[in-house]
Amino acid sequence: MASRPVTLGIDLGTTSVKAALLEAAPGHPSGFVVLASCARASRAETQSAAAGPQRREQDVTRIIQALNECLDALPRQQLQRVGAIGVSGQMHGILFWKAGQGCEWTQGEPARVFEPRAVSHLVTWQDGRCNSGFLGSLPKPASHLSVATGFGCATIFWLLKNSPEFLKSYDAAGTIQDYVVAMLCGLPKPLMSDQNAASWGYFNTQSQSWNLEILEAAGFPVHLLPDIAEPGSMAGRTSHTWFEIPEGTQVGVALGDLQASVYSCMGQRTDAVLNISTSVQLAASMPVGFQPLQTPDPAAPVAFFPYFNRTYLGVAASLNGGNVLATFVHMLVQWMADLGLEVEESTVYSRMIQAAAQQKDTHLTITPTVLGERHLPDQLASVTRISSSDLSLGHVTRALCRGIVQNLHSMLPFQQLKEWGVERVMGSGTALSRNEVLKQEVQRAFPLPVCFGQDVDAAFGAALVMLRRDLSQKEP
């Protein structure tokens, strides 16, 4: 029997790196099994001498070190079977390198690895050096997505104005995942999927091209912009043996972590993916042929991001999720301490969920936006319809969980999902998995079949894209 394809998926996140080995399993409900996976904290945050408090940079050497540690922890005999590599990572960020000198392949112990050489720090998506005044001075992009601080092109504009000498040292740029793909394949010029290009700004998803005229007119160094390739296509083949992975192994064009995460648990095109962890995301695949309005609207609660096969994801991303419940628990613990009582946060959390589970309904209304929202940055939280009969812990916790879900529903209503053809919701995330009350409120707000306990995992998603590509090419 011919051995089944094995793919390696890599996700280069903001705080950690993950690698997973997937094998095709035709009889399995998901179509694959996970052979092994490994995650390592990257601990790459750095303080450069010139960096102010607003700046967020990471040391690329440390990220690659975490990647090497992940691969080193995977079983050798399985790595020998890898036929394709999928890579995803944190979007928006940018690093620079010298073409042809971005890394050096060395015979490490016990395996052959690449080490970064002529590379800059990674300026991450969390970077805040481009204030609203600076962003207001930039040319208007010909794109449906607006430009924000931490976006690759905004960072280049800032460097052009404040450190033009710095830019002269480099002739290639990309996200961290584009860099890894370019190094693995020995690409003379990096390739970028439209998923990552759109996250940099000044990219038109309809024409699949950078806003070259607008950028050139502003003196922007357009030679730093990568070439564009379809997500799911091949970027090249490994130029060296990497750990036990053979030279000549296929490597996919790097994906955005949002798209890879959604792909990992969207079983069908008609699924919406709901993730409630620290924050909340609800994503659905747009009908084929959908095109977003070409003028960006910063006040719109739903953004449209390139997905696969020239389709889009509609995404509502709320800043208020599990972090709001954590704030509430912390407040209760603090009140107890002020009253001279000591109680563990974990005890408070489980008791309040228990109380809310018994309190099936409430008139109390909580708008939980303690952190505002991207489209409503000045909004605060509020509590209304307070009556003396609705003041128990059960009432307040039920109202808080309902408020978190209702806030998301106000951004992307059930009716809108139905119009897009959504038939099922895939629920995931730590805050959702351990909270029965949140699950009830999701089912109340979105009356569709809901599957809880799904794993959203960008490394799995990146591997799965390549696995399915491999299988489709082998079909007669």
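The values are calculated or read from the model by the stated rules, or taken from the named source; none is laboratory data. Only a predicted model underlies this, so the values are computations on that prediction, with no experimental measurement involved. Cβ: placed from backbone, ideal geometry, glycine included. Neighbour counts: every protein chain shown. Just so you know, the surface numbers come from the protein's heavy atoms only, side chains and all, with ligands and any DNA or RNA stripped out. Shrake-Rupley method; radii C 1.70, N 1.55, O 1.52, S 1.80 Å.
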| request: Filter segment 237-263 down to residues that are more than 19 Å from T106 (Cβ to Cβ) and assigned to a strand (DSSP E or B) and give me whichever is most open to solvent (accessible area, probe 1.4 Å). | output: R237
| task | Report the residue count in segment 449-460 for those that are crowded, with 17+ Cβ neighbours inside 10 Å and outside any strand (DSSP E or B). | result | 5
| request: Please state which one of S350, S318 is without any contact (Cβ under 8 Å) to a residue 40 or more places away in the chain and hydroxyl-bearing (S, T, Y). | output: S350
| request: Taking the residues in segment 390-415 that are touching a residue at least 60 places away in the same chain (Cβ under 8 Å) and closer than 28 Å to P292 by Cα as candidates, determine which candidate is surrounded by the fewest Cβ atoms within 10 Å (Cβ to Cβ). | output: S410
| Exactly one of (1) modelled with pLDDT under 95; (2) under 22 Å from the mean Cα position of the chain (by Cα); (3) among the small types (G, A, S) is unmet by A20. Its number? | (1)
| query | In this structure, does V123 turn out to be within 19 Å of the chain's Cα centre (by Cα) and buried (at least 19 other Cβ atoms within 10 Å of the Cβ)? | reply | yes
| field | Pick from segment 76-97, criterion open to solvent by 10 Å² or more (accessible area, probe 1.4 Å) and not basic (K, R), ranking: nearest to L224 (Cα to Cα) | value | H92
| query | Hey, among the residues in segment 175-218 that are in contact with a Cys (Cβ under 8 Å, 6 or more places away or on another chain) and either among the aliphatic types (A, V, I, L, M) or outside the structural domain of R117 (by the TED database) (or both), which one's surrounded by the most Cβ atoms within 10 Å (Cβ to Cβ)? | reply | M183
| For G100, are the conditions met, namely being touching a residue at least 12 places away in the same chain (Cβ under 8 Å), in a strand (DSSP E or B) and open to solvent by 10 Å² or more (accessible area, probe 1.4 Å)? | no
| Inter-residue pairs, beta-carbon under 9 Å, first in the same structural domain as G108 (by the TED database) and in segment 55-69, second open to solvent by less than 30 Å² (accessible area, probe 1.4 Å) and basic (K, R), 6+ apart | R55/R129; R56/R129
| query | With (1) touching a residue at least 24 places away in the same chain (Cβ under 8 Å); (2) open to solvent by 60 Å² or more (accessible area, probe 1.4 Å) as the list, and V147 as the residue in question, which single condition is left unmet? | reply | (2)
